[in-house]
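The values are calculated or read from the model by the stated rules, or taken from the named source; none is laboratory data. This is a predicted model, so every value here is computed, not measured. Glycine gets a Cβ as well: all are built from the backbone with ideal geometry, and neighbour counts include every protein chain shown.
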Amino acid sequence: LPHLRILDLGKSQIDFLHPDAFQKLPHLFELRLFYCGLSSAVLKDGYFRNLGSLTRLDLSKNQIQSLYLHRSFRELNSLKSIDLSLNQITTVCEHDLKPLQGKTLSFLSLADNTLYSRVSMDWGKCLNPFRNMVLGTLDVSGNGWAVDITRNFSNAINGSQIFSLVLTHHVMGSGFGFNNIKDPDQHTFVGLAGSSVIRLDLSHGFIFSLNFQLFETLKELKVLSLAYNKINKIADKAFYGLDNLQVLNISHNLLGELYNSNFYGLPKVAYIDLQKNHIGIIQDKTFRFLEKLNTLDLRDNALKTISFLPSIPNIFLSGNKLATLP
């Protein structure tokens, strides 16, 4: 099959994989091996050598426990997307991904692996797993990360270029129901300062309070999602430093009131999504200084008056308790 472009073997229980199973496939573009019962051997034993056209590799939903990559990964110059989600990978360190150094990947998923969360980590020895790599999107969702792991991971990958960081379904935040579970603070994401992060997704968690200068070092961030948390409080200057942020999503949270100081430090924000909170009171100047604001979504809240409204092109207010219009 020398002209094969896409090979889908997903949901096949592969009990034996010949070392040359994928040889003589010079034009193979996409290889789907999800949910095949594969072990770590599929990565460390050189099964993907000589696949010069391979661009997408899906190894999700297997039984991979170690990410030690065979040296032949260095020769996969077309490789752009690797999905390793829903495996059993507990750690990934610099030596594991060494064959990928120097590469640019558009997508790498390590989601839903209990990554770093059930082992004692020596970050000084682990070092930066993404050293000398450029990642379009890195997905580390669903790994059970609280604030400490998130901070240590951010510090470890300091300097690696990651344009979109997806960290959904985390356990950061005191809204988790335990007093010893902390909300992220100004030190949590400081390690990302040199990573050129443009999009950060922290949705589906338990963040209760957006603390002082929480995102201060993320100067290049343009899109921030905090949807589906338990946010009830926005501290003064919580968004300070987000000089380039354009889209802010805080929908599906527990905000009851908005104050004049809540959105200080967002000179370029154009879209704010606040739908499905419990907002009943908004101070008059809350949005007035946001000169670039184009769209404000306040649907499904508890507003009775709209005297606070700024002069902007698009405002969504359906599902509130409005009795009078100004």
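Does the range 212-220 contain at least one residue that is in contact with a Ser or Thr (Cβ under 8 Å, 6 or more places away or on another chain), crowded, with 20+ Cβ neighbours inside 10 Å and part of a strand (DSSP E or B)?
no
Quick check on this structure: which one of 251, 203 is of a type in the set (S, T, N, Q), at pLDDT 95 or above and under 20 Å from residue 140 (Cα atoms)?
It is 203.
Scanning for something over 23 Å from residue 208 (Cβ atoms), among the basic types (Lys, Arg) and not assigned by the TED database to the domain that holds residue 196, does the range 274-282 turn up at least one residue?
For the range 274-282, residues over 23 Å from residue 208 (Cβ atoms), among the basic types (Lys, Arg) and not assigned by the TED database to the domain that holds residue 196: absent.
Looking at 11, 44, 61, can you tell me which residue is crowded, with 16+ Cβ neighbours inside 10 Å, modelled with pLDDT of 95 or more, of a type in the set (Lys, Arg) and more than 30 Å from residue 158 (Cβ to Cβ)?
61
Check residue 119 against each of (1) assigned to a loop (DSSP other than H, G, I, E, B); (2) out of contact with any Cys (no Cβ under 7 Å at 6 or more places or on another chain); (3) at pLDDT 95 or above and name the one condition it does not meet.
With (1) assigned to a loop (DSSP other than H, G, I, E, B); (2) out of contact with any Cys (no Cβ under 7 Å at 6 or more places or on another chain); (3) at pLDDT 95 or above applied to residue 119, the lone miss is (3).
Only one of these is under 30 Å from the mean Cα position of the chain (by Cα) and farther than 22 Å from residue 231 by Cα: 277, 314, 301. Name it.
314
Please determine, by comparing only the residues of the range 117-155 that are under 16 Å from the mean Cα position of the chain (by Cα) and at positive phi, which one is surrounded by the most Cβ atoms within 10 Å (Cβ to Cβ).
Looking at the filtered set, the residue picked out is 142.
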